[in-house]
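A quick write-up on the structure given underneath.
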Amino acid sequence: MLRRPDPRRLGRLLRQPSTRRFGLLLLLLAGFAVALLLVPRPDPAELPRLAHSLGGYAPVAAVVGGALLLVALVPRTFVTLAAGAIFGPLEGAAYALGAALLAAALGFAVGRLLGRQFVAERVRGRLARLDGWFARQSVFGVITVRLLPIAGFGLISYGYGTTGARVLPFLTGSVIAAAPTAVGYAAIGAAVTSPGQINWYAAAPASFGLIATAIIIHRWWRAERRRRLEAR
């Protein structure tokens, strides 16, 4: 038999500052999700003209603008393809990685500010052990989570902020995990505005990312199996 919620207890919960901040975080994410569905996509062919109009500010605009798009839950694939289409494969990859680093820091900070206290006050049992795992995570652990097809780049950044994870391993792991596909997708994006320039070498970094994912999953599975055997 289901228990009816206590209105007084629910009222006290909603009056808590941590609950209000967490609710604001959820509203923010929901707003970004709606915007993704309603805002039209730009024409990739027009992107180089936009960069040319910005002149010397184009690289800064690419990093900051790309970071804001990632924070707004725009897929990193699109941001990296656009950077490659505007600046070419090498510069595009560099600016895409800069945007990923800035977006990871912003998303982590917002998640930590709005959601960490709410989560810390309520995790129990297995969730508490999971939160402790995030708190102990190394760079390798962050790379593992980033490479797994769990959620988008921005959403993972927000989620990490609500845990006890340390910021430096998180940022380092985020950039390392983003590097292989950044080079590959930037090269593909460059080929959109310069047809005929793409080759199989451009896609190699992306394939390295898939191989690294498989290796990391295998290593994680072996480590988890060894930990369980030792616990027995």
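The values are calculated or read from the model by the stated rules, or taken from the named source; none is laboratory data. Worth saying up front: this structure is predicted, and the values here are computed from it rather than measured. Note: ideal-geometry Cβ built from the backbone for every residue, glycine included; neighbour counts use all protein chains shown. SASA here: full protein model, heavy atoms, side chains in, ligands and nucleic acids out. Shrake-Rupley method; radii C 1.70, N 1.55, O 1.52, S 1.80 Å.
Things to note:
- Note on the stretch 38-163: Rg/Rh from C-alpha atoms, Kirkwood Rh, equals 1.07.
- Distance between the modelled labels on VAL64 and LEU155, one decimal in nanometres: 2.9 nm (7 Å Cα→Cβ projection).
- Segment PHE32-VAL167, extension gain: residue separation times 0.36 nm, minus the distance between their alpha carbons: 46.2 nm
- Most to least packed among 134-142, 120-128 [average Cβ atoms within 10 Å]: 134-142, 120-128
- For the stretch 37-87, the solvent-accessible area with a 1.4 angstrom probe is 60 square angstrom per residue.
- For the stretch 11-113, the carbon plus sulfur part of the accessible surface works out to 75%, probe radius 1.4 Å.
- Our coupling estimate for the stretch 23-28, obtained by passing each phi through the Karplus curve with A = 6.51, B = -1.76, C = 1.60 and θ = phi - 60°, is x, 5, 4, 5, 5, 4 Hz, Gly and Pro reported as x.
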